[in-house]
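The values are calculated or read from the model by the stated rules, or taken from the named source; none is laboratory data. Predicted, not measured: the structure shown is a model, and the values here were computed from it. Note: ideal-geometry Cβ built from the backbone for every residue, glycine included; neighbour counts use all protein chains shown. Note: areas computed on protein heavy atoms with side chains; ligands, DNA, RNA excluded. Shrake-Rupley method; radii C 1.70, N 1.55, O 1.52, S 1.80 Å.
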Amino acid sequence: MRDVIVLGSTGSIGRQTLSVCRNLGYRVTAIAAGSNVELMEQQIREFRPLIAAVADESKAADLKMRVDDTGTKVLSGENGICEAAVCRYGDIVLSAIVGIAGLRPTAEAIKSKKDIALANKETLVTAGHIIMPMAKEYGVKILPVDSEHSAVFQSLTGNKNNKIKSIILTASGGPFFGYGKEQLRNVTVSQALKHPSWSMGAKITIDSATMMNKGLEIIEAAHLFDVDVDDIQVVIHRESILHSAVEYEDNSVIGQMGVPDMRTAIQYAFTYPKRCASEVKRLNFAELGKMTFYAPDDSVFPAMSLCREAFKRGGNAPAVLNGANEAAVGLFLNGKIGFTDITKAVKDTLYNINFKSADTIEAVLEADKEARSYVSDLG
Ligand code: NAD
Ligand code: MG
(Lines give C-alpha, C1' and ligand atoms only; values in the text may rest on other atoms or scores of the structure.)
(Ligands and ions follow the chains in the order given, each with its own letter.)
Protein backbone atom coordinates (compact mmCIF):
# COMPACT_ATOMS: atom_id res chain seq x y z
CA MET A 1 0.00 0.00 0.00
CA ARG A 2 1.26 3.45 -0.88
CA ASP A 3 -0.03 6.97 -0.43
CA VAL A 4 0.49 8.73 -3.73
CA ILE A 5 0.44 12.41 -4.65
CA VAL A 6 -0.20 12.96 -8.36
CA LEU A 7 1.02 16.23 -9.89
CA GLY A 8 -0.42 16.70 -13.37
CA SER A 9 -3.31 14.32 -12.68
CA THR A 10 -5.37 15.33 -15.72
CA GLY A 11 -2.59 14.77 -18.25
CA SER A 12 -1.58 11.70 -20.21
CA ILE A 13 0.84 10.44 -17.52
CA GLY A 14 -1.42 11.62 -14.69
CA ARG A 15 -4.42 9.65 -15.97
CA GLN A 16 -2.32 6.53 -16.53
CA THR A 17 -0.92 6.94 -13.02
CA LEU A 18 -4.41 6.98 -11.54
CA SER A 19 -5.19 3.84 -13.50
CA VAL A 20 -2.11 2.15 -11.99
CA CYS A 21 -3.18 3.33 -8.51
CA ARG A 22 -6.66 1.94 -9.12
CA ASN A 23 -5.21 -1.40 -10.21
CA LEU A 24 -2.81 -1.66 -7.26
CA GLY A 25 -5.35 -0.40 -4.73
CA TYR A 26 -3.16 2.57 -3.73
CA ARG A 27 -4.50 5.64 -1.95
CA VAL A 28 -4.25 8.97 -3.77
CA THR A 29 -3.87 11.66 -1.12
CA ALA A 30 -3.47 14.76 -3.28
CA ILE A 31 -3.89 15.72 -6.91
CA ALA A 32 -2.80 18.84 -8.80
CA ALA A 33 -3.43 19.99 -12.35
CA GLY A 34 -3.63 23.01 -14.61
CA SER A 35 -7.26 23.82 -15.38
CA ASN A 36 -9.45 20.85 -16.31
CA VAL A 37 -11.84 21.02 -13.35
CA GLU A 38 -14.42 18.68 -14.92
CA LEU A 39 -11.90 15.84 -14.94
CA MET A 40 -10.53 16.86 -11.54
CA GLU A 41 -14.04 16.55 -10.12
CA GLN A 42 -14.32 12.98 -11.44
CA GLN A 43 -10.89 12.13 -10.01
CA ILE A 44 -11.83 13.62 -6.64
CA ARG A 45 -15.08 11.64 -6.51
CA GLU A 46 -13.26 8.41 -7.29
CA PHE A 47 -10.10 8.78 -5.18
CA ARG A 48 -11.22 11.17 -2.42
CA PRO A 49 -7.85 12.94 -2.02
CA LEU A 50 -7.31 15.27 0.94
CA ILE A 51 -6.10 18.06 -1.34
CA ALA A 52 -6.84 19.06 -4.94
CA ALA A 53 -4.92 21.99 -6.36
CA VAL A 54 -5.70 23.74 -9.63
CA ALA A 55 -3.06 26.04 -11.10
CA ASP A 56 -5.54 28.32 -12.84
CA GLU A 57 -6.80 30.63 -10.04
CA SER A 58 -9.93 31.53 -12.00
CA LYS A 59 -11.07 27.89 -11.91
CA ALA A 60 -10.73 27.43 -8.15
CA ALA A 61 -14.20 28.70 -7.20
CA ASP A 62 -15.83 26.42 -9.79
CA LEU A 63 -13.89 23.38 -8.52
CA LYS A 64 -14.73 24.24 -4.90
CA MET A 65 -18.42 24.36 -5.74
CA ARG A 66 -18.31 21.09 -7.66
CA VAL A 67 -16.73 19.11 -4.83
CA ASP A 68 -18.18 20.93 -1.86
CA ASP A 69 -19.79 17.72 -0.56
CA THR A 70 -16.58 15.62 -0.69
CA GLY A 71 -14.35 16.98 2.07
CA THR A 72 -11.47 17.51 -0.36
CA LYS A 73 -9.65 20.78 0.28
CA VAL A 74 -9.36 22.85 -2.91
CA LEU A 75 -6.26 25.02 -3.37
CA SER A 76 -5.06 27.08 -6.30
CA GLY A 77 -2.14 28.79 -7.95
CA GLU A 78 1.50 27.76 -7.78
CA ASN A 79 1.48 27.87 -3.98
CA GLY A 80 -1.53 25.56 -3.93
CA ILE A 81 0.25 23.12 -6.25
CA CYS A 82 3.30 23.18 -3.95
CA GLU A 83 1.08 22.56 -0.93
CA ALA A 84 -0.41 19.51 -2.66
CA ALA A 85 3.14 18.32 -3.40
CA VAL A 86 4.01 18.28 0.30
CA CYS A 87 0.69 16.89 1.60
CA ARG A 88 1.62 15.15 4.85
CA TYR A 89 -0.17 11.96 3.90
CA GLY A 90 1.86 10.98 0.89
CA ASP A 91 5.05 8.95 0.66
CA ILE A 92 5.68 9.22 -3.08
CA VAL A 93 5.02 12.03 -5.53
CA LEU A 94 4.37 11.26 -9.18
CA SER A 95 5.68 14.39 -10.85
CA ALA A 96 3.92 14.76 -14.23
CA ILE A 97 3.20 18.43 -14.69
CA VAL A 98 4.42 19.41 -18.15
CA GLY A 99 7.34 21.79 -18.52
CA ILE A 100 9.35 23.83 -16.06
CA ALA A 101 6.13 24.44 -14.09
CA GLY A 102 6.94 21.06 -12.52
CA LEU A 103 10.26 22.20 -11.09
CA ARG A 104 9.26 24.07 -7.94
CA PRO A 105 6.60 21.57 -6.75
CA THR A 106 9.08 18.71 -7.31
CA ALA A 107 11.78 20.52 -5.32
CA GLU A 108 9.29 21.19 -2.50
CA ALA A 109 8.32 17.52 -2.42
CA ILE A 110 11.99 16.51 -2.12
CA LYS A 111 12.46 18.95 0.76
CA SER A 112 9.51 17.35 2.51
CA LYS A 113 11.34 14.00 2.18
CA LYS A 114 9.04 12.32 -0.28
CA ASP A 115 10.32 9.94 -2.92
CA ILE A 116 9.80 11.19 -6.45
CA ALA A 117 8.52 9.15 -9.38
CA LEU A 118 9.74 11.54 -12.04
CA ALA A 119 8.01 11.92 -15.40
CA ASN A 120 8.63 15.66 -15.65
CA LYS A 121 11.99 15.58 -17.45
CA GLU A 122 12.22 19.38 -17.57
CA THR A 123 13.01 19.34 -13.82
CA LEU A 124 16.30 17.52 -14.40
CA VAL A 125 17.04 19.17 -17.73
CA THR A 126 16.96 22.66 -16.22
CA ALA A 127 18.04 21.97 -12.66
CA GLY A 128 19.52 18.47 -12.44
CA HIS A 129 22.66 19.98 -10.91
CA ILE A 130 20.52 21.26 -8.01
CA ILE A 131 17.89 18.51 -7.77
CA MET A 132 20.21 15.46 -7.68
CA PRO A 133 22.30 16.75 -4.73
CA MET A 134 19.08 17.93 -3.05
CA ALA A 135 17.61 14.42 -3.28
CA LYS A 136 20.79 13.05 -1.74
CA GLU A 137 20.75 15.62 1.04
CA TYR A 138 17.13 14.82 1.97
CA GLY A 139 17.59 11.08 1.52
CA VAL A 140 14.89 10.65 -1.13
CA LYS A 141 14.84 8.45 -4.21
CA ILE A 142 14.35 9.82 -7.70
CA LEU A 143 12.66 6.99 -9.59
CA PRO A 144 12.56 7.56 -13.34
CA VAL A 145 9.22 7.29 -15.13
CA ASP A 146 10.39 8.42 -18.55
CA SER A 147 10.31 5.05 -20.35
CA GLU A 148 13.94 5.20 -21.54
CA HIS A 149 15.24 6.10 -18.10
CA SER A 150 13.10 3.48 -16.43
CA ALA A 151 14.60 0.97 -18.88
CA VAL A 152 18.14 2.09 -18.03
CA PHE A 153 17.33 2.02 -14.32
CA GLN A 154 16.01 -1.53 -14.68
CA SER A 155 19.05 -2.56 -16.75
CA LEU A 156 21.39 -1.28 -14.03
CA THR A 157 19.83 -3.50 -11.37
CA GLY A 158 22.35 -5.92 -9.94
CA ASN A 159 25.27 -4.21 -11.66
CA LYS A 160 26.24 -1.66 -9.03
CA ASN A 161 29.94 -2.48 -9.17
CA ASN A 162 30.20 -3.04 -12.91
CA LYS A 163 31.67 -0.45 -15.20
CA ILE A 164 29.32 1.07 -17.78
CA LYS A 165 30.68 1.65 -21.27
CA SER A 166 27.65 3.50 -22.57
CA ILE A 167 23.97 4.15 -22.17
CA ILE A 168 21.89 3.45 -25.26
CA LEU A 169 18.71 5.51 -25.47
CA THR A 170 16.22 4.36 -28.05
CA ALA A 171 14.08 6.85 -29.98
CA SER A 172 11.05 6.13 -32.13
CA GLY A 173 12.19 8.79 -34.60
CA GLY A 174 8.77 10.45 -34.47
CA PRO A 175 6.39 11.05 -37.39
CA PHE A 176 9.07 12.60 -39.62
CA PHE A 177 11.70 9.88 -39.52
CA GLY A 178 13.45 9.71 -42.90
CA TYR A 179 12.34 13.21 -43.96
CA GLY A 180 14.86 15.57 -45.56
CA LYS A 181 15.34 19.23 -44.54
CA GLU A 182 13.11 20.54 -47.32
CA GLN A 183 10.26 18.16 -46.55
CA LEU A 184 10.34 19.15 -42.88
CA ARG A 185 9.84 22.83 -43.62
CA ASN A 186 6.20 22.42 -44.66
CA VAL A 187 4.88 19.92 -42.12
CA THR A 188 1.70 20.92 -40.27
CA VAL A 189 0.72 20.92 -36.61
CA SER A 190 -1.65 17.98 -37.06
CA GLN A 191 1.06 15.92 -38.83
CA ALA A 192 3.50 16.71 -36.02
CA LEU A 193 0.94 15.66 -33.41
CA LYS A 194 0.65 12.14 -34.89
CA HIS A 195 3.18 10.07 -33.00
CA PRO A 196 3.81 6.59 -34.46
CA SER A 197 3.94 4.60 -31.21
CA TRP A 198 3.03 6.65 -28.11
CA SER A 199 -0.04 8.68 -27.22
CA MET A 200 1.19 11.64 -25.12
CA GLY A 201 0.55 15.30 -24.28
CA ALA A 202 0.98 17.87 -27.06
CA LYS A 203 4.29 19.37 -25.90
CA ILE A 204 6.21 16.11 -25.65
CA THR A 205 4.67 14.89 -28.93
CA ILE A 206 6.08 17.93 -30.73
CA ASP A 207 9.40 17.42 -28.91
CA SER A 208 9.44 13.86 -30.25
CA ALA A 209 8.89 15.13 -33.78
CA THR A 210 11.82 17.58 -33.57
CA MET A 211 13.94 15.02 -31.65
CA MET A 212 14.29 17.64 -28.91
CA ASN A 213 12.67 15.09 -26.63
CA LYS A 214 15.63 12.76 -27.11
CA GLY A 215 18.04 15.64 -26.54
CA LEU A 216 16.29 16.51 -23.27
CA GLU A 217 16.47 12.82 -22.37
CA ILE A 218 20.24 12.79 -22.93
CA ILE A 219 20.55 15.56 -20.31
CA GLU A 220 18.08 13.78 -18.04
CA ALA A 221 20.10 10.54 -18.27
CA ALA A 222 23.40 12.33 -17.64
CA HIS A 223 22.01 13.65 -14.34
CA LEU A 224 20.15 10.53 -13.25
CA PHE A 225 22.95 8.07 -13.92
CA ASP A 226 25.96 10.37 -13.57
CA VAL A 227 27.43 9.48 -16.96
CA ASP A 228 29.27 11.64 -19.45
CA VAL A 229 26.95 12.91 -22.22
CA ASP A 230 29.40 11.58 -24.78
CA ASP A 231 28.82 8.09 -23.38
CA ILE A 232 25.10 8.35 -24.08
CA GLN A 233 24.23 7.05 -27.53
CA VAL A 234 20.93 7.37 -29.33
CA VAL A 235 19.58 4.82 -31.78
CA ILE A 236 16.33 5.04 -33.71
CA HIS A 237 14.12 2.06 -33.02
CA ARG A 238 10.81 2.43 -34.82
CA GLU A 239 8.84 -0.21 -32.96
CA SER A 240 9.44 1.20 -29.45
CA ILE A 241 9.86 -2.26 -27.93
CA LEU A 242 13.42 -2.03 -26.61
CA HIS A 243 12.96 0.94 -24.28
CA SER A 244 16.70 1.55 -23.77
CA ALA A 245 19.78 -0.34 -22.65
CA VAL A 246 23.12 -0.26 -20.87
CA GLU A 247 26.37 -1.41 -22.47
CA TYR A 248 28.86 -2.85 -19.98
CA GLU A 249 32.62 -3.17 -20.04
CA ASP A 250 32.48 -6.67 -21.54
CA ASN A 251 30.33 -5.31 -24.42
CA SER A 252 27.25 -7.06 -23.08
CA VAL A 253 24.15 -5.00 -23.65
CA ILE A 254 21.35 -5.32 -21.10
CA GLY A 255 18.06 -3.72 -22.07
CA GLN A 256 14.43 -3.65 -21.01
CA MET A 257 11.65 -4.56 -23.43
CA GLY A 258 7.89 -4.51 -23.44
CA VAL A 259 4.97 -3.13 -25.41
CA PRO A 260 4.94 0.68 -25.48
CA ASP A 261 2.77 1.48 -22.47
CA MET A 262 3.80 4.05 -19.86
CA ARG A 263 2.01 2.16 -17.11
CA THR A 264 4.98 -0.23 -16.93
CA ALA A 265 7.40 2.54 -15.99
CA ILE A 266 4.89 4.23 -13.67
CA GLN A 267 4.18 0.99 -11.83
CA TYR A 268 7.85 0.04 -11.53
CA ALA A 269 8.61 3.41 -9.94
CA PHE A 270 5.94 2.63 -7.36
CA THR A 271 6.79 -1.01 -6.65
CA TYR A 272 10.61 -0.87 -7.05
CA PRO A 273 12.51 -3.06 -6.36
CA LYS A 274 9.57 -5.45 -6.63
CA ARG A 275 7.49 -6.23 -9.68
CA CYS A 276 3.86 -7.14 -9.64
CA ALA A 277 1.03 -8.09 -12.02
CA SER A 278 -0.04 -5.32 -14.35
CA GLU A 279 -2.71 -4.52 -16.91
CA VAL A 280 -0.13 -3.91 -19.61
CA LYS A 281 -0.31 -6.32 -22.58
CA ARG A 282 2.28 -9.06 -22.91
CA LEU A 283 4.91 -8.80 -25.59
CA ASN A 284 4.54 -11.38 -28.36
CA PHE A 285 7.80 -11.61 -30.32
CA ALA A 286 6.44 -13.80 -33.10
CA GLU A 287 3.60 -11.35 -33.69
CA LEU A 288 6.05 -8.44 -33.61
CA GLY A 289 8.21 -10.16 -36.23
CA LYS A 290 11.11 -7.72 -36.31
CA MET A 291 12.79 -4.85 -34.58
CA THR A 292 14.63 -2.24 -36.65
CA PHE A 293 17.43 0.15 -35.69
CA TYR A 294 18.89 3.19 -37.49
CA ALA A 295 21.38 5.96 -36.78
CA PRO A 296 19.75 9.35 -36.13
CA ASP A 297 20.33 12.08 -38.73
CA ASP A 298 21.74 15.08 -36.87
CA SER A 299 21.92 17.19 -40.02
CA VAL A 300 18.11 17.09 -40.36
CA PHE A 301 17.33 17.02 -36.62
CA PRO A 302 19.95 19.17 -34.88
CA ALA A 303 18.12 19.34 -31.52
CA MET A 304 20.12 16.56 -29.91
CA SER A 305 23.48 18.19 -30.56
CA LEU A 306 22.14 21.48 -29.17
CA CYS A 307 21.18 19.64 -26.00
CA ARG A 308 24.59 18.02 -25.65
CA GLU A 309 26.17 21.42 -26.12
CA ALA A 310 23.90 23.09 -23.54
CA PHE A 311 24.66 20.38 -21.01
CA LYS A 312 28.41 20.78 -21.54
CA ARG A 313 28.16 24.54 -21.10
CA GLY A 314 26.20 24.07 -17.89
CA GLY A 315 25.06 27.05 -15.81
CA ASN A 316 21.97 28.70 -17.25
CA ALA A 317 22.38 27.05 -20.69
CA PRO A 318 20.12 23.99 -20.22
CA ALA A 319 17.38 26.17 -18.67
CA VAL A 320 17.70 28.66 -21.53
CA LEU A 321 17.47 25.84 -24.06
CA ASN A 322 14.46 24.33 -22.32
CA GLY A 323 12.64 27.64 -21.87
CA ALA A 324 13.25 28.58 -25.50
CA ASN A 325 11.93 25.20 -26.58
CA GLU A 326 8.78 25.43 -24.46
CA ALA A 327 8.05 28.88 -25.84
CA ALA A 328 8.81 27.90 -29.45
CA VAL A 329 6.65 24.76 -29.24
CA GLY A 330 3.83 26.98 -27.96
CA LEU A 331 4.25 29.32 -30.95
CA PHE A 332 4.26 26.37 -33.35
CA LEU A 333 1.11 24.87 -31.82
CA ASN A 334 -0.59 28.26 -32.21
CA GLY A 335 0.38 28.47 -35.86
CA LYS A 336 2.77 31.41 -35.32
CA ILE A 337 5.98 29.74 -36.54
CA GLY A 338 6.86 26.79 -38.77
CA PHE A 339 8.11 23.39 -37.62
CA THR A 340 11.80 23.91 -38.40
CA ASP A 341 11.65 27.34 -36.73
CA ILE A 342 11.32 25.58 -33.36
CA THR A 343 14.87 24.24 -33.27
CA LYS A 344 16.15 27.38 -34.98
CA ALA A 345 14.60 29.53 -32.23
CA VAL A 346 16.18 27.33 -29.57
CA LYS A 347 19.58 27.64 -31.21
CA ASP A 348 19.31 31.44 -31.60
CA THR A 349 18.27 31.83 -27.98
CA LEU A 350 21.03 29.58 -26.69
CA TYR A 351 23.66 31.54 -28.63
CA ASN A 352 22.30 34.99 -27.80
CA ILE A 353 21.62 34.86 -24.09
CA ASN A 354 24.68 35.48 -21.98
CA PHE A 355 26.16 32.59 -20.12
CA LYS A 356 25.68 32.74 -16.35
CA SER A 357 25.85 30.32 -13.52
CA ALA A 358 22.48 29.14 -12.19
CA ASP A 359 23.04 27.57 -8.81
CA THR A 360 19.59 28.08 -7.31
CA ILE A 361 16.04 27.23 -8.40
CA GLU A 362 15.37 30.99 -8.60
CA ALA A 363 18.31 31.50 -10.97
CA VAL A 364 17.08 28.61 -13.13
CA LEU A 365 13.59 30.12 -13.29
CA GLU A 366 15.13 33.48 -14.16
CA ALA A 367 17.04 31.90 -17.08
CA ASP A 368 13.81 30.28 -18.23
CA LYS A 369 12.00 33.61 -18.20
CA GLU A 370 14.78 35.33 -20.12
CA ALA A 371 14.69 32.63 -22.81
CA ARG A 372 10.91 32.81 -23.15
CA SER A 373 10.94 36.55 -23.60
CA TYR A 374 13.68 36.22 -26.23
CA VAL A 375 11.57 33.71 -28.18
CA SER A 376 8.35 35.68 -27.88
CA ASP A 377 10.12 38.52 -29.68
CA LEU A 378 10.80 36.11 -32.57
CA GLY A 379 7.17 34.96 -32.88
P1 NAD B 1 0.02 16.51 -20.63
O2 NAD B 1 0.03 17.79 -21.36
O3 NAD B 1 -0.87 15.42 -21.11
O4 NAD B 1 -0.34 16.79 -19.09
C5 NAD B 1 0.24 17.81 -18.36
C6 NAD B 1 -0.37 17.93 -16.98
O7 NAD B 1 0.21 19.06 -16.31
C8 NAD B 1 -1.88 18.20 -16.99
O9 NAD B 1 -2.48 17.59 -15.88
C10 NAD B 1 -1.96 19.71 -16.85
O11 NAD B 1 -3.17 20.17 -16.30
C12 NAD B 1 -0.82 19.94 -15.87
N13 NAD B 1 -0.28 21.30 -15.88
C14 NAD B 1 0.09 22.05 -16.94
N15 NAD B 1 0.57 23.24 -16.52
C16 NAD B 1 0.48 23.23 -15.16
C17 NAD B 1 0.83 24.16 -14.14
N18 NAD B 1 1.34 25.35 -14.42
N19 NAD B 1 0.63 23.80 -12.86
C20 NAD B 1 0.10 22.60 -12.55
N21 NAD B 1 -0.24 21.67 -13.46
C22 NAD B 1 -0.05 22.00 -14.75
O23 NAD B 1 1.53 16.01 -20.56
P24 NAD B 1 2.08 14.51 -20.41
O25 NAD B 1 2.24 13.91 -21.73
O26 NAD B 1 1.32 13.79 -19.36
O27 NAD B 1 3.55 14.81 -19.88
C28 NAD B 1 3.80 15.23 -18.55
C29 NAD B 1 5.29 15.19 -18.29
O30 NAD B 1 5.74 13.84 -18.38
C31 NAD B 1 6.12 15.99 -19.29
O32 NAD B 1 7.21 16.57 -18.62
C33 NAD B 1 6.61 14.94 -20.26
O34 NAD B 1 7.84 15.27 -20.86
C35 NAD B 1 6.76 13.74 -19.35
N36 NAD B 1 6.64 12.45 -20.05
C37 NAD B 1 5.47 12.10 -20.65
C38 NAD B 1 5.37 10.90 -21.31
C39 NAD B 1 4.07 10.45 -21.95
O40 NAD B 1 3.98 9.33 -22.41
N41 NAD B 1 3.04 11.26 -21.99
C42 NAD B 1 6.47 10.05 -21.39
C43 NAD B 1 7.65 10.42 -20.76
C44 NAD B 1 7.73 11.63 -20.10
MG1 MG C 1 10.89 9.13 -23.08
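Of note:
- All positions within region 241-257 that are closer than 21 Å to S197 by Cα and buried (at least 21 other Cβ atoms within 10 Å of the Cβ): H243, S244, A245, Q256
- Matching helices (runs of 4 or more DSSP H) fully within region 1-103 where at least 3 residues are open to solvent by 30 Å² or more (accessible area, probe 1.4 Å), farther than 29 Å from L321 by Cα and not aromatic (F, W, Y): 12-24, 37-47, 60-66
- Selection within region 110-119: residues that are farther than 10 Å from E220 by Cβ and within 13 Å of ligand 1 (Cβ to nearest atom). The member of this set that is most open to solvent (accessible area, probe 1.4 Å) is A119.
- Within region 299-357, the set of residues being within 27 Å of L224 (Cβ to Cβ) and open to solvent by 60 Å² or more (accessible area, probe 1.4 Å) comprises E309, K312, R313, K347, F355, K356, S357.
- Members of region 169-197 that are open to solvent by less than 30 Å² (accessible area, probe 1.4 Å) and among the β-branched types (V, I, T): T170, V187
- Residues of region 104-129 satisfying the condition of being within 16 Å of ligand 2 (Cβ to nearest atom), small (G, A, S) and assigned to a helix (DSSP H, G or I): G128
- Test: residue in region 171-179 that is within 16 Å of L224 (Cα to Cα) and away from ligand 1 (no atom under 16 Å from the Cβ): no
- For S166, the conditions (1) touching a helix residue (DSSP H, G or I) at 6+ places or on another chain (Cβ under 6 Å); (2) more than 19 Å from T264 (Cα to Cα); (3) within 16 Å of ligand 1 (Cβ to nearest atom) are fulfilled apart from (3).
- Taking region 130-168 as the range and being open to solvent by 10 Å² or more (accessible area, probe 1.4 Å), within 16 Å of ligand 2 (Cβ to nearest atom) and not in a helix (DSSP H, G or I) as the test, the residues that pass are I142, D146, I168.
- Count of region 196-217 residues, restricted to those that are assigned to a loop (DSSP other than H, G, I, E, B) and among the aliphatic types (A, V, I, L, M), is 2.
- Residues satisfying the stated conditions in region 25-39, i.e. more than 22 Å from I100 (Cβ to Cβ) and either within 13 Å of ligand 1 (Cβ to nearest atom) or out of contact with any Cys (no Cβ under 7 Å at 6 or more places or on another chain) (or both): G25, Y26, R27, V37, E38, L39
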